[in-house]
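Have a look at the structure below, then the notes.
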Amino acid sequence: MAEVVVVESEARAGELAAGSILDLIAAKPDAVLGLATGSTPLPVYRALAEGVRSRGIDVSSLRGFALDEYVGLPAGHPESYRSVIAREVVQPLGLDPHRIHVPNGALETISDAGEQYELAIERAGGVDVQILGIGTDGHIGFNEPGSSFASATRVKTLTAQTRRDNARFFDSPDDVPMHCITQGLGTILRARHLLLLAFGGGKADAVASAVEGPISASSPGTAIQLHPHATVIVDEAAAGRLQNLDYYRYAWNNKPRWQGL
Ligand code: PGA
């Protein structure tokens with residue numbers, strides 16, 4: 001079962017996740033982070049940047065792999081995930097950009113971009129901690145409903161719902177790319193620790209399904225139930241549809257602190 005932690009604010013969620021990641025980096029300076037984009041992980045990146053500064057942690061060896069990328073956006077497009085990761089993660093944390101990888105969404109090389117990305121993750125020794133958001137349609141990464149639990153990094157077609165959800169980042173909904181390249185559910189499940197965050201009532205159904213629903217490719221977030229070390233950090237609104245909420249609170253309140261996340 002995933003550990004579910006309900007927090008009072010997005011900032012608190014960011015601190016909690018960042019605290020666990022900073023402990024990992026302190027113990028393993030060349031740790032490999034799995035980096036999500038979207039709005040959800042921003043409090044984590046803010047808290048990480050703050051923690052790196054205040055604790056004086058050396059991040060020069062830290063490595064990272066983004067979860068996904070749009071296909072076919074012009075190089076340097078501000079909403080390409082390569083640009084977003086540079087802006088939200090690499091610059092604020094002071095990471096070495098050469099150690100941070102993003103799937104290559106360029107059309108010219110797209111046919112083997114997934115395989116190349118899988119090889120790069122494997123050569124790095126795998127992802128230590130994978131930060132995840134969840135889509136309102138239940139996707140993790142851009143693994144839309146129906147994605148195989150064994151899937152590797154590959155091209156997917158975004159659902160109309162995901163394109164609507166992401167239209168806020170573009171001038172017009174039509175500008176949201178139709179295709180993406182995303183780590184597969186199989187790729188995500190190979191990460192050693194999953195840290196899934198969700199905020200707001202709009203995510204409540206997706207969270208309830210991922211944590212407590214029947215395991216099904218129709219609900220890609222349910223893949224986390226197959227992972228031996230998955231942590232779900234949610235605010236009250238995103239926790240609103242969980243059946244076993246009392247138990248999650250009880251377990252968290254009685255958790256030995258030395259265990260960490
Ligand atoms: P969001 O997206 O963090 O911007 O809500 C989450 C996702 O689509 O996985």
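When the helices of the chain are scored as -39500 (n - 2.57) per DSSP H run of n ≥ 4 and the total is divided over every residue, the value at 222 nm lands at -8500 deg cm²/dmol. Relative contact order of segment 121-261, taken over Cα pairs closer than 8 Å and 6 or more residues apart, is 27 percent.
In plain terms, the chain from Ala217 to Ser111 could stretch by 35.7 nm, reckoned as 0.36 nm per residue minus the Cα-Cα distance. Accessible surface computed residue by residue for the chain, with neighbouring protein chains in place and a 1.4 Å probe, gives 44 Å² per residue. The aspartates and glutamates whose alpha-carbon is closer than 14 Å to the alpha-carbon of Lys28, local same-chain residues fewer than 8 away aside, are Asp58, Asp128.
The accessible surface of the chain, taken with every protein chain in place and a 1.4 Å probe, is 51 percent carbon and sulfur. DSSP beta bridges fully contained in segment 3-259 are about 25 percent antiparallel.
Counting only C-alpha contacts under 8 Å and six or more residues apart, can you give the relative contact order of segment 3-259 as a whole percent? Relative CO of segment 3-259 lands at 22 percent.
Note: the chain, Cα convex hull, 117 Å³ per residue. Here the dipole of the chain is about 520 debye; that uses its Cα centre as origin and unit charges on the Cβ of Lys and Arg (positive) and Asp and Glu (negative).
Summing Lys and Arg as +1 and Asp and Glu as -1 over all other residues whose Cβ lies under 15 Å from the Cβ of Arg12 gives a net charge of -4. As a rough guide to protection, the peptides 97-104, 120-127, 72-79 ranked by mean Cβ packing within 10 Å, highest first, stand as 97-104, 120-127, 72-79.
Inverting the pair-averaged 1/r between distinct Cα atoms of segment 51-154 gives 15.1 Å as its Kirkwood hydrodynamic radius.
The values are calculated or read from the model by the stated rules, or taken from the named source; none is laboratory data. Every value quoted in this text rests on a predicted model; they were computed, and no experiment measured them. A quick note on method: Cβ atoms are made from the backbone with ideal geometry, for glycine too, and the neighbour counts reach across all protein chains shown. Only protein heavy atoms, including side chains, enter the accessible area calculation; ligands, DNA and RNA are left aside. Shrake-Rupley method; radii C 1.70, N 1.55, O 1.52, S 1.80 Å.
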